[in-house]
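Please read the structure below before turning to the comments.
The values are calculated or read from the model by the stated rules, or taken from the named source; none is laboratory data. The model shown is predicted, which means the values in this text are computed figures rather than measured ones. Positions of Cβ are generated from backbone atoms using ideal geometry, with glycine treated the same way; all protein chains shown enter the neighbour counts. Heads up: the accessible areas ignore ligands, DNA and RNA and are worked out on the full protein's heavy atoms, side chains in. Shrake-Rupley method; radii C 1.70, N 1.55, O 1.52, S 1.80 Å.
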Amino acid sequence: MLAVASAIDRFNCAIGRAISWAMPAMVVIQVAVVLMRYVFGIGSIWMQESIVYLHAATFLLAGAYTLAVDAHVRVDIFYREARPRVRAAVDTFGTLFFLLPMCAVILWVSTPYVARSWSILEGSRETSGIQGIYLLKTLILVFAGLMALQGVGIIIKGVSALAGQPAALRRFTREAGADGERTA
């Protein structure tokens, strides 16, 4: 089962690394928009909207990556000093009772919203804008799906650690490094 959890981690990490290229793209586009506006006196609605699309994609698609590398915000008053089995229990409980239900709510509430957008192929209100708002809204569903998938990976690792599997226990024994890998 740990192989499944590792595959989920690798999948979400690959998406996270790929979407990280949206950040420098946003910077380049924003600089171009500013130069075009203030140096040449021309504007581009398409370029301005692309910054919003890239920003949304970055945050929605990188959420599961952040969870995979354990870089999310945590109030770890007790967690940091807890034993590995307690950490595994906390992660498993939190995922089962908070993360997965929240992903289900997001999917439940946003599916009709996204479906309506697809039914009319919703686009920008601006003529020269990006005519793909329906694609942008679809990222909400992708976000919830990726987070739920990562949640399944966390549950697998947590249950394996609670069952005493040494490889799973090591995950809860060490602190996460900057690259997401556990270090001593």
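Results, tabulated for the structure shown:
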item: Those helices (runs of 4 or more DSSP H) lying entirely in segment 65-182 with at least 2 residues aromatic (Phe, Trp, Tyr); result: 100-119, 133-162
item: Selected residue [farther than 20 Å from Ile140 by Cα and over 14 Å from the mean Cα position of the chain (by Cα)] from Arg10, Arg85; result: Arg85
item: Residue among Arg116, Arg85 that alone is surrounded by fewer than 17 Cβ atoms within 10 Å (Cβ to Cβ) and touching a Phe, Trp or Tyr at 6+ places or on another chain (Cβ under 8 Å); result: Arg85
item: Checking Gly41 against (1) open to solvent by 90 Å² or more (accessible area, probe 1.4 Å); (2) not in a helix (DSSP H, G or I), the condition it does not meet; result: (1)
item: Residue in segment 65-72 that is β-branched (Val, Ile, Thr) and either surrounded by fewer than 17 Cβ atoms within 10 Å (Cβ to Cβ) or within 23 Å of Met26 (Cβ to Cβ) (or both) present; result: yes
item: Count of segment 44-60 residues which are polar (S, T, N, Q) and open to solvent by 50 Å² or more (accessible area, probe 1.4 Å); result: 1
